Amino acid sequence: MKISDGVGARIRRLRRAAGMSQADLAGEDLSASYVSLLEAGKRTPSPEVLEQLAQRLGCELSELTDDPAKVSAGELEVELSYAELALNNGDPQAAFEAYRSVQEKASASSQPEIHYKAELGMARALEHLGRLEEAVVRLDALHSVSLEHPELVPRLTTVIALCRCYRELGDLSHAIEVAEATLTELEKLHLGPTVIGVELLSTLVGVYMERGDMHRASYLATKAIEQAGSITDSRALGAAYWNASVVMHRNGKTADALMLIEKALAIYAEGEDQRALARLRNAYAVVLLQSDTPQPEAARDVLSQSLTSLREVGSSVDIAYCLSALARAELRLGNAAVAIDHAERALELLGPDHRLQNARNHLVLAAARLSQGDREAAQVAYERGALMLEASEANRQAAFAWAELAEILRLCGEDERAVWAYRQSMRCMGHRETFLTTQPATSHP
């Protein structure tokens, strides 16, 4: 009986296809740990064990012992399409499993293109699942491969995904470094505008906004709109309008922001990407909330519509972002308890990796607690949010948070700590006097 080196991978694939755990497959005669070692290739099963496993898996013994016929590239491309469909339909866990199944069938040596497509798909699925640290490990490795073998790994797609993950993790400097280096290389090649190039610009706009560099963000947003218009791609133009509207909003130009985001909504409404449309509605609602004449009821209606869509086609992270915005809307409407429920649920869905968005949720919680008269809880939440923003290099946002905390402390009669918080705000805005860094001993951890 021939037992090939890939028997462990085949056992794992067939077990998963049968919906069995390692303990199920082990039965009474084997142990789950032994099955784990078999699947990892660290044990060679005897013919008797293989016969038991084949019976439990409901397969022919030859499916475990002989090298199976190679799956054609066409068949694997079909499986990749199914995995992509699962990801687009808001089921990243199913997508991850589907991509992994494809990768197990396509080795890096025999079918490298499909192998790396599946690896990139797995990284994107991990991003959608909120497992950002794991996604970054895979994307960093893919980025290295793309530098040596650009024909195997799409460089720009990988960089954009890597940039998004670094942004969510709060590592803005690294996100900018990777994206700017790629942008510089593109400019040296003197290539014409492309859809993926516009996407890179738009992604970089978002990172610069988080860091508070509105001049660079504005420049890149304008450039993205110009390039998107020249290639007449509606999706690229919609994304460029989307990011430009956020820049205008951050710069206090609410009317311009509304005009641009409504243009983006009109473009996305004509497409089939319901997830992207729902996420754009989230951004639209935020502008409505923070316009010169806030419209919290209209924002809540838009967000409720968005939430309904995202529960069907969005990931848990998408839903968390929508709940964060709903928390702000409810707070504006005076519904502090509802706002707290939304913000806490968003924190639960996001997990620890999404540091920037978690910081914003803590600030919403702080404002809601303050409106309920719980100043101590508000202080703790504001300080936590400000520290998280500052650690993420979002200094402009951190400065506003520290200033709000200072006002709470002043109202609570804690003048010394209020001065300290004001100084933290000034430091985040660029005032670096050494005496500003002294923290009162009574501050919250």
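When each of the peptides 328-341, 287-300 is scored by how many other beta carbons lie within 10 Å of its residues on average, the order from highest to lowest is 328-341, 287-300. Can you work out the FRET efficiency for the pair residue 24 and residue 137, with r the C-beta to C-beta distance and R0 = 30 Å, to the nearest 0.05? Calculated transfer efficiency: 0.50.
Distance from the C-alpha centroid of segment 258-320 to that of segment 165-203: 25 Å, rounded to the whole angstrom. Ranked by the mean number of other Cβ atoms within 10 Å of their residues, highest first, the peptides 123-131, 246-254 fall in the order 123-131, 246-254. Rounded to the nearest 10 degrees, the angle from helix 355-371 to the longest Cα principal axis of the chain is 40 degrees. The chain gives an Rg/Rh value of 1.04, both radii derived from C-alpha positions and Rh following Kirkwood.
Footprinting exposure proxy ranking of 39, 48, fewest other C-beta atoms within 10 angstrom first, gives 48, 39. Across segment 145-151, coupling constants 3J(HN,Hα) worked out from phi with the 6.51/-1.76/1.60 Karplus curve, θ = phi - 60°, read 5, 5, 5, 8, 9, x, 6 Hz, and Gly and Pro carry x. Applying 1/(1 + (r/R0)^6) with R0 = 45 Å to the Cβ-Cβ distance of residue 36 and residue 273 gives a FRET efficiency near 0.65. Relative to the longest principal axis of the Cα atoms of the chain, the long axis of helix 172-189 makes an angle of roughly 70 degrees. So if each residue of separation counts as 0.36 nm, and I subtract the Cα-Cα distance between residue 222 and residue 189, what length gain in nm does that give? My answer for the length gained is 9.8 nm. Evaluating kT/(6 pi eta Rh) at 20 °C and 1.002 mPa s, with the Kirkwood radius of segment 212-303 over Cα pairs in the Stokes-Einstein relation, gives 161 µm² s⁻¹.
Name the shape class, rounded, prolate or oblate, that the alpha-carbon gyration tensor gives for segment 309-417, where a ≥ b ≥ c are the square roots of its eigenvalues, rounded holds for a/c under 1.5, and otherwise prolate holds if a/b is larger than b/c and oblate otherwise. Because a/c hits 1.5 or more and a/b fails to exceed b/c, segment 309-417 counts as oblate. Over segment 358-429, the ratio between the Cα radius of gyration and 2.2 N^0.38 Å evaluates to 0.98. Counting Cα-Cα pairs of segment 7-65 in 5 Å increments starting at 0 gives whole-percent bin shares of 4, 22, 37, 30, 7. Taking every lysine pair in the chain that is 8 or more places apart or spans two chains, those with Cα atoms closer than 28 Å amount to 14.
Take the Cβ atoms of residue 372 and residue 348, set R0 to 25 Å, and the FRET efficiency comes out at 0.80. Largest GNM mean-square fluctuation across 390, 180, 272, computed for the chain with C-alpha springs under 10 Å, falls on 272. Beyond 16 Å, how much of the Cα-Cα pair distribution for segment 155-238 remains, as a whole percent? Taking all Cα-Cα pairs of segment 155-238, the fraction more than 16 Å apart is 48 percent.
Readers should treat all values here as calculations from the given coordinates under stated rules, not as data from a laboratory. All figures in this text were calculated on a predicted structure; none of them were measured in a lab. Reconstructed Cβ throughout: ideal geometry from the backbone, glycine too, with neighbour counts over all protein chains shown.
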